[in-house]
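To keep things clear, I will list the structure first and then write my remarks on it.
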Amino acid sequence: MNGLRSGKPGARPYRLAHIAWTIIAMLIGIGVPPACWAGDQALPAHKPKVALALGGGGTRGAAHVGVLRVLEQEGIPVDMVVGTSMGSIVGGLYCAGVSVDELEAMFDKQTVMKNFMTVSLPVRLAAVPIFAIPHLFGWNPYDGFYFGNKLRKYLNSSLPEDRREIEKLKLPFAAVTTNLLDGQPHVITRGNVSRAMQASSAVPVLRRPVLWDENGLLVDGAMVANVPVVPARELGADFVIAVDVDERLCRVPDSQFRKIGSVSKRIEQVYLARADAVQLKRADVVIHPNVDGIGLLSTKISDAKAAIRAGEAATRAAIPEIRARLNLKPATVSQPQDNRLPD
């Protein structure tokens, strides 16, 4: 599934994506969030404000849909959603009132990833010399292979017409980004929802940064908070449920690194695991679906379905802990019948 095996269709884009991640990791280092990020994990005497911190992970982020479904079925209260990259896309749509079933359909049809990668990466790379021509005539667009405008328009059309501004959403929402101008986190809590999602998922090298205002040129929030637990606390959350959709970092044999793209894939895993650890230790509950082997940019429907099921399974396993920590009684209503056809 990970696209690293030679001769596998679609492998090349995944290798190139991992190479891009390697470049990013080398440029920014394996860092930690600024020291000013802090939060208090002690629950207040009043009803705690519960936040979902949805992490980035490309196609693996379909697992967030499964998480949301089970939390709804179990009646777990959610007072705000803070998302990074794909977590911001799922979270923003959900806060706007897009149902879990509608979200699942978007991943089942792979319309999200198809609009994210409008042209295959090899084709886009082959066209790089063509993209250099405008520079000769004085037009200097921001660096990156994809503009991201088609994704923004698709997301905007997926939102209810009266909920296309963050201030008008059904649930409080924030999209985490990285500001290239000062290298600091930029958490978007106001403005156009689809543009905020576009900025939060603008993977450096692949996607062009988004000019937010005179002080913000924004890219993917994974650079500063891939699982945005601390940003959620800074926004007033008393209890944070973090959803980590990265692959697990396990020891592997040296023979695995003879494959083309295998080193860059490993660098991606190491970077995210170390960066996420800083955030996850501040969470009250961590949900980590088993999405190992699902490619970051996979367009396989089977991968999206597997991620959603993994999100459901991991959340059901976490429900007892969530209830205990929030002092919630077990659900007394029967769970909705799942009439979906098996994969």
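Note on the range 299-343: residues that are modelled with pLDDT under 90 and open to solvent by less than 50 Å² (accessible area, probe 1.4 Å) amount to 1. State which residue is surrounded by the fewest Cβ atoms within 10 Å (Cβ to Cβ) when the search covers only the range 224-243 and only residues that are under 14 Å from the mean Cα position of the chain (by Cα) and part of a strand (DSSP E or B). Of everything passing the filter in the range 224-243, A242 is surrounded by the fewest Cβ atoms within 10 Å (Cβ to Cβ).
For the range 234-257, what are the residues that are out of contact with any strand residue (DSSP E or B) (no Cβ under 9 Å at 6 or more places or on another chain), of a type in the set (D, E) and closer than 15 Å to Y271 by Cα?
Of the residues in the range 234-257, the ones out of contact with any strand residue (DSSP E or B) (no Cβ under 9 Å at 6 or more places or on another chain) are 246-257.
Okay, now just the ones that are also of a type in the set (D, E), so 246-247, 254.
Matches in the range 234-257: D246, E247.
Looking at A242, A225, A237, which is the one that is closer than 22 Å to V67 by Cβ, touching a residue at least 12 places away in the same chain (Cβ under 8 Å) and touching a Lys or Arg at 6+ places or on another chain (Cβ under 8 Å)? Matching residue, one of A242, A225, A237: A237.
Scanning the range 188-223 for residues that are within 14 Å of the chain's Cα centre (by Cα) and β-branched (V, I, T) yields V203, V219.
Can you find even one residue in the range 277-287 that is at pLDDT 80 or above, under 26 Å from M86 (Cα atoms), of a type in the set (A, V, I, L, M) and surrounded by fewer than 14 Cβ atoms within 10 Å (Cβ to Cβ)? Yes, there is a match, as at least one residue in the range 277-287 is at pLDDT 80 or above, under 26 Å from M86 (Cα atoms), of a type in the set (A, V, I, L, M) and surrounded by fewer than 14 Cβ atoms within 10 Å (Cβ to Cβ).
Scanning the range 162-204 for residues that are in a helix (DSSP H, G or I), over 9 Å from G221 (Cα atoms) and open to solvent by less than 40 Å² (accessible area, probe 1.4 Å) returns I166, V193, S194, A196, M197, Q198.
Being in contact with a helix residue (DSSP H, G or I) (Cβ under 6 Å, 6 or more places away or on another chain), open to solvent by 30 Å² or more (accessible area, probe 1.4 Å) and at pLDDT 50 or above holds for only one residue in I30, I19, and it is I19. Cβ-Cβ distances below 6 Å connect the following pairs, each with a first residue in the range 55-76 that is in a helix (DSSP H, G or I), a second residue that is open to solvent by 10 Å² or more (accessible area, probe 1.4 Å) and among the basic types (K, R), and a separation of six or more residues or different chains: V70/R316.
Being among the polar types (S, T, N, Q) and surrounded by fewer than 17 Cβ atoms within 10 Å (Cβ to Cβ) is a condition met by no residue of the range 263-272.
The values are calculated or read from the model by the stated rules, or taken from the named source; none is laboratory data. Source: prediction; values computed, not measured. Note: ideal-geometry Cβ built from the backbone for every residue, glycine included; neighbour counts use all protein chains shown. For accessibility, only protein heavy atoms count, side chains too; no ligands or nucleic acids. Shrake-Rupley method; radii C 1.70, N 1.55, O 1.52, S 1.80 Å.
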